[in-house]
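Scroll down for the structure; my scribbles are underneath it.
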């Protein structure tokens, strides 16, 4: 006999609500999360949103609106302006670079300027990223900064990646729909992917230092209460199609031409025009011979893939290319340092077999190194003479190679002080 499920009483529902982690917390005593990272990852990461009041107590923006406007005029910067005509509910999207002369003539309200990868352009913005070291660094994509005039917004939308929305200046009202299975259909009449229907379950106003964490798939809508700056720390979350496409391209480029469809067991067909089951089995067998069964090959593919930025520019050899190694090492001994290029993305992976070298991945390239060297270089945005001397010979060779390729630049002591 099937047992009927027990009825849920109001008292049970109150008990369940009391047991659920809070959706709002004050982090002043333990910034930036207000809790140990392990608890945040267990209870919130990719599970539920969290409003973190005072994530950065007393926060002062390292960037001003005019700085962002200037950056949006750069050819290499990725920038957009979104304007909302509230009377007709029309949205306009324009892509930069923009002319500096047009910003003074912008409307007093209802527009937003967004610039991607600001951490690659501004070292003070990049200095925020170590606060997020409770996550793998290679998972962090960029810091996007937006300036919004009063009423400025990009509309109700949904992201397919985790994001931390840090209020830097002014106040922004954030509304989210944290209910299960919210409607996710898009409006057909706008270039932006805006939600056709948005019914908020929570409504907050964030001030400087407050931060909102949103896992993938949570509808949200932010509107500037007054002129404000918001920093969006977004995660790299490649789609399955993106992973598969790059994986298949790698398999195809590295495939042995001798691996082909073969039918040594061929028998006379009942119908020569039929693709029979045996033929399909042989096709599957040919594809299976291409599979990347070696975990090290698979790890190399992923390491190269994930250290390539989606949008930022490519690293090019710099002015240090013609400098001799003796000169470089002489300068390092006297206070110079190797500073990593802001577009150079690094990660490392330990060897699976005892005695085998670890792997350092740099912007899509792989280097075999002792584990201590791979770990040090992956974590060294700045490598001084002491750090360089601590590397093995192979590690120093790699550092010089990366310098010559543009992934580092040599900064003399007085130059670094000026920077």
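In this simple spin-label model, placing a label point 7 Å from the Cα along the Cα-to-Cβ direction at both residue 251 and residue 42 gives a separation of 3.9 nm. The ranking of 120, 47 from fewest to most other beta carbons within 10 Å of each one's beta carbon is 47, 120.
Of interest is the spacing of the C-alpha centroids, which for region 363-395 and region 156-189 amounts to 40 Å. Taking the Cα centre of each part, how many Å lie between region 102-122 and region 256-296? Distance between centres, Cα-based: 56 Å.
Entry note, the chain: the mean residue ellipticity at 222 nm calculated from DSSP H runs of n ≥ 4, each adding -39500 (n - 2.57), is -7500 deg cm²/dmol after division by the residues and rounding to the nearest 500. For region 64-119, the fraction of C-alpha pairs more than 14 angstrom apart is 53%. If you sort the three axes of the alpha carbon gyration tensor as a ≥ b ≥ c, you get a/c of 1.5 or more for region 49-178 and a/b no higher than b/c, which makes it oblate. Looking only at the chain, where both bridge partners belong to it, what percent of the DSSP beta bridges are antiparallel (to the nearest 5)? Expressed as a percentage, antiparallel bridges in the chain total about 95.
Across region 319-418, C-alpha contacts under 8 Å between residues 6 or more apart give a mean separation that, scaled by the residue count, equals a relative contact order of 38 percent. Is the chain best put as rounded, prolate or oblate by its Cα gyration tensor, with a ≥ b ≥ c the root eigenvalues, rounded for a/c under 1.5, and otherwise prolate when a/b is larger than b/c, oblate when not? Oblate, since a/c reaches 1.5 and b/c is not below a/b. Remark: the Cα gyration tensor places region 319-418 in the prolate category, a/c being 1.5 or greater and a/b exceeding b/c. May I ask for the distance between the Cα centers of region 49-93 and region 333-347, given as a whole number of Å? A separation of 29 Å, based on Cα centres.
For the chain, modelled as a GNM whose springs connect Cα atoms under 10 angstrom apart, the maximal fluctuation among 245, 34, 155 occurs at 245.
Listed from fewest to most Cβ neighbours within 10 Å, the set 41, 206 follows the order 41, 206.
Computed extension length for residue 20-residue 124: 33.8 nm, one decimal, from 0.36 nm per residue of separation with the Cα-Cα distance subtracted. Between 226, 117, 162, the residue with the greatest mean-square fluctuation in the GNM of the chain (Cα pairs under 10 Å linked by springs) is 226. Across q = 0.17, 0.19 Å⁻¹, region 49-92 modelled as identical point scatterers on its alpha-carbon atoms has Debye log10 I(q)/I(0) values of -0.84, -0.88, in the order of the q list. Taking each residue as 0.36 nm, the span from residue 412 to residue 76 lengthens on full extension beyond its C-alpha to C-alpha distance by 118.3 nm.
Across region 13-235, the volume of the C-alpha convex hull divided among the residues equals 126 Å³ per residue.
Can you work out D for region 240-294 in µm² s⁻¹ from Stokes-Einstein, where Rh is the Kirkwood radius over C-alpha pairs, the temperature is 25 °C and the viscosity is 0.890 mPa s? The diffusion coefficient I find is 185 µm²/s. Across the chain, Cα pairs under 8 Å and at least six residues apart give a relative contact order of 13 percent.
Computed from the coordinates by the stated procedures, all read-outs in this text should not be read as laboratory data. The model shown is predicted, which means the values in this text are computed figures rather than measured ones. Methodologically, a virtual Cβ is constructed for each residue, glycine included, from the backbone with ideal geometry; neighbour enumeration extends over all protein chains shown.
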